[in-house]
Every structure is written in structure tokens, then in C-alpha cells.
Amino acid sequence: MKTATSAENQPLQSLDEVEDFYKQRYPEPIAAPADKKSTVGHDPEKKQSEFRNYEADARPTVREFYRLNHQFQTHEFVRAKKKEYLGLNRMKMGIWEAAEYLNQLVDDSDPDTDMSQLEHLLQTAEQLRRDGQPRWMVLTGFVHDLGKILCLWGEPQWAVVGDTFPTGCAFAPKIVFSRFFEANPDSQNPAYQTRLGVYKQGCGLDAVDISWGHDEYIYQVCKDYLPPEGLAMLRFHSFYPWHREGCYDYLLNDHDRAMLPWVLRFNPYDLYTKSHEKPDAVKLRPYYEELIREYFPDKVRW
Ligand SMILES: [Fe+2]
Ligand SMILES: [Fe+2]
């Protein structure tokens, strides 16, 4: 990826390396929500995956990525990025236009085998459509990674992708590579190192400053247009410490608990649809343009 940020700040050759690492850690969908429509990733022949030390097996680039992420995602950093971006005063752009804009994000992945950004969005959405999921959920699949345009605006990889986690309270030990939090200045701040930190029990995730990245950004862009279930999918799709590891129960409110099955319902479409055939963007465009018009205005604020 060619951005203004320096190379040592950008250890990944491709953002897909992080997504591949999710798949190594979670090779099968969680058995939680009874989503009878889903045909993704369920293999009844497969037994429970045996325990593996994913951290030890991770590529050095992925390890370095998480080292930077855990070191620099402080409570203050998150609040500053929210201030910088969430006025949504950068540009006005339609949803399809944003997908094409994001597609300029070319990195060092292999164009023959790896998916482009647009292809990943279409593939996720197309699998949702094939499974007969609701139209708003197909659209949620189409927009879910548009927040990665942060990379085009010079944000380093560690501030765009990777597992997200609450800041301003103790880091859950189950977060991947949690030992790297030792280098995070917040680890030295006693006010941030209690279970609740700056939050109240059951305050709800909306009140929590979760590490900054493409999830929060696309949630904010779409907040007025999609139903709450779709918004939760957008906002928390990388919050693996919550939806796959079950951490931070004490911060949740009833709304978050009601949304969790939907976040889990979405996850397999994001993770396990990647290796199939490449979607044909030209052919699919009219369907998506119409679906976008159903929910979004022509131009959206970014
Ligand atoms: Fe994502
Ligand atoms: Fe994705």
C-alpha cells in the first residue's frame, strides 16, 4: 500500500494478512446463532479445531502489525481520531463511488489469487443474497469495509484494521498478542487499568471508546441509514474480543446483548467467503446501485 506513512509503520504487505490471521484463529463459525439461512463455513464433518498457538504461528509481519497496534492505540489516540474524522467533513461521495474509491487501495497482494477490496465487498454481499438474508443485510455486507478508505488518507495500517478493543479500561487478557499492551502508555495509567476504567458497569458499548479503525468510521458514516442490527455489524465486526472471546460483558447493556447474535450472524460472511470465484463488478453494479438507492441518499458525508 502506498501512503504517506513510513514503511516501518506499515508492516503488512496486504491488509488481507490480518484477515487471513482471523481465519487461522477462527477456522469455523461460532455455533451460536441459529441462522438457518446461512450456508457459509458450516462443515458438519469437521470436528472442533484443536488448540494451536496462533501467536507463535503468526507471520512476522502480522506480529509486528499487532505490536504497533497495541502500543499506539491509547484512549487519547482514539478520542483524537474521533474528533478528527467524525465530523464527516472530508468529502461527499455516493456508496458505489466510495467502493470504487476504496478499490484504488492497491497493496502487494497477488492480483491473480487475492481479492480486490471491491471484490471482497461484492463477495460478502453476494453470499448474503444467495442465502436469502434481508436486503439491508446484503447492503451491510457491501459497505462493511468501506471504512478502509482511512488508509488512502494516510492512516497507518494499525489504525485501520485488526481486532478492536475498548480503551480507557483494563485490556482483556484474551485479546490476541495481549503482551504487547505492556508498551501502551495506558498500561501505566492506574485510572485505565481497573476492570471498568473510565466507564460505568453496563454503560453500553456506544459509550465506550473502542480502538480506532475502519469499523467505527463506517458505522458513523452509515448511522442514519441502516437498521440497528446492520449498524452493530458494521461497528463491531472486528471486535473479536467481544463477539468471539466473550470479554467485556460488564460494559454491555441490553441493546448490545440483543445485537450480539446479529454480529455473529454476519461474521462468517466476512471471513469464509473469500476463496470462491471472483464476482463480476460490471454485471452486479445495477443491482447494488438500486439497493443503495433504497437506503442511502445519492451523496453521503465522509
Ligand atoms: Fe473489516
Ligand atoms: Fe471484510
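Given a 10 angstrom Cα cut-off, can you work out which residue in MET91, MET259, MET233 is the most mobile in a GNM of the chain?
Among MET91, MET259, MET233, the largest GNM mean-square fluctuation belongs to MET91.
Could you please state, rounded to a whole Å, how far the C-alpha centre of the range 115-135 is from the C-alpha centre of the range 150-181?
26 Å
Subtract the Cα-Cα distance of ARG301 and ASP206 from 0.36 nm times their separation in residues, and report this length gain in nm to one decimal.
Full extension from ARG301 to ASP206 adds 32.1 nm.
Ignoring everything except DSSP H segments at least 4 long, calculate the 222 nm mean residue ellipticity for the chain; use -39,500 (n - 2.57) per segment, divide by total residues, nearest 500. Walk me through the intermediate numbers first.
Working: 12 runs with 124 residues, N = 302.
Helix contribution divided over all residues of the chain: -12000 deg cm²/dmol.
Looking at the chain as a GNM with Cα springs under 10 Å, which of GLU290, GLU119, GLU216 has the largest mean-square fluctuation?
With Cα springs under 10 Å in the chain, the top fluctuation among GLU290, GLU119, GLU216 is at GLU290.
If you look at just the Cα atoms of the chain, how large are its Rg and its Dmax in Å?
According to the Cα coordinates of the chain, Rg and Dmax are 18.4, 55 Å.
So what are the ³J(HN,Hα) numbers for the range 191-199, from phi and the Karplus equation (6.51, -1.76, 1.60; θ = phi - 60°), rounded to whole Hz, Gly and Pro as x?
Coupling constants for the range 191-199: 5, 9, 10, 8, 3, 8, x, 7, 9 Hz.
Over the residues of the range 146-212, compute the C-alpha Rg and express it relative to 2.2 N^0.38 Å.
On the way: Rg = 13.3 Å, N = 67, 2.2 N^0.38 = 10.9 Å.
For the range 146-212, the normalised Cα radius of gyration comes out at 1.22.
What are the ³J(HN,Hα) couplings of the range 58-70, residue after residue, when phi is run through the Karplus curve with 6.51, -1.76, 1.60 and θ = phi - 60°? Round to Hz, x for glycine and proline.
Working through the residues one at a time gives 5, 4, x, 5, 5, 4, 5, 4, 5, 4, 5, 4, 6 Hz.
So how far apart, in nm, are the two label points at TYR54 and ARG67 if each is 7 Å from Cα heading toward Cβ?
The answer from the label model is 2.0 nm.
What's the extension gain from GLU290 to LYS278 if we count 0.36 nm per residue and subtract their Cα-Cα distance? Walk me through the numbers before you get to the answer.
Details: separation 12, 0.36 × 12 = 4.32 nm, distance 2.13 nm.
Contour length minus Cα-Cα distance gives 2.2 nm.
With 21 Å as the limit, write out which pairs from LYS83/LYS174; LYS148/LYS174; LYS83/LYS148; LYS82/LYS223; LYS23/LYS81; LYS92/LYS223 have Cα-Cα distances beyond it, or answer none. All intermediate terms of the calculation are to be shown ahead of the outcome.
Working: LYS83/LYS174 29 Å; LYS148/LYS174 25 Å; LYS83/LYS148 18 Å; LYS82/LYS223 15 Å; LYS23/LYS81 28 Å; LYS92/LYS223 15 Å.
From LYS83/LYS174; LYS148/LYS174; LYS83/LYS148; LYS82/LYS223; LYS23/LYS81; LYS92/LYS223, over 21 Å: LYS83/LYS174; LYS148/LYS174; LYS23/LYS81.
Stokes-Einstein D for the range 71-183 at 10 °C, 1.306 mPa s, Kirkwood Rh over Cα pairs, in µm²/s?
Diffusion coefficient, whole number: 97 µm²/s.
Could you sort the peptides 159-168, 247-256 by per-residue average Cβ neighbour count (10 Å cutoff), highest mean leading?
On the way: 159-168: 24.5, 247-256: 16.2.
Result, highest mean first: 159-168, 247-256.
If the viscosity is 0.692 mPa s and the temperature 37 °C, what Stokes-Einstein diffusion coefficient in µm²/s follows for the range 113-252 when Rh is the Kirkwood radius over Cα pairs? Please list the in-between numbers first.
On the way: Rh = 16.3 Å.
Diffusion coefficient, whole number: 202 µm²/s.
Applying 1/(1 + (r/R0)^6) with R0 = 25 Å to the Cβ-Cβ distance of ARG257 and ALA191, what FRET efficiency is obtained, to the nearest 0.05? Show your work: numbers first, answer last.
Working: r = 27 Å, r/R0 = 1.08.
According to the calculation, E is roughly 0.40.
So if the hydrodynamic radius of the range 212-278 is defined as the Kirkwood radius over C-alpha pairs, what does Stokes-Einstein give as its diffusion coefficient at 20 °C and 1.002 mPa s, in µm² per second? Don't skip to the answer; put the middle values down first.
On the way: Rh = 12.7 Å.
For these conditions, the coefficient is 169 µm²/s.
Laboratory data are not the source of any read-out in this text; all were calculated from the coordinates shown. Keep in mind that this is a model prediction, so the values were computed, not measured. We place every Cβ from the backbone using ideal geometry, glycine too, and count neighbours over all the protein chains shown.
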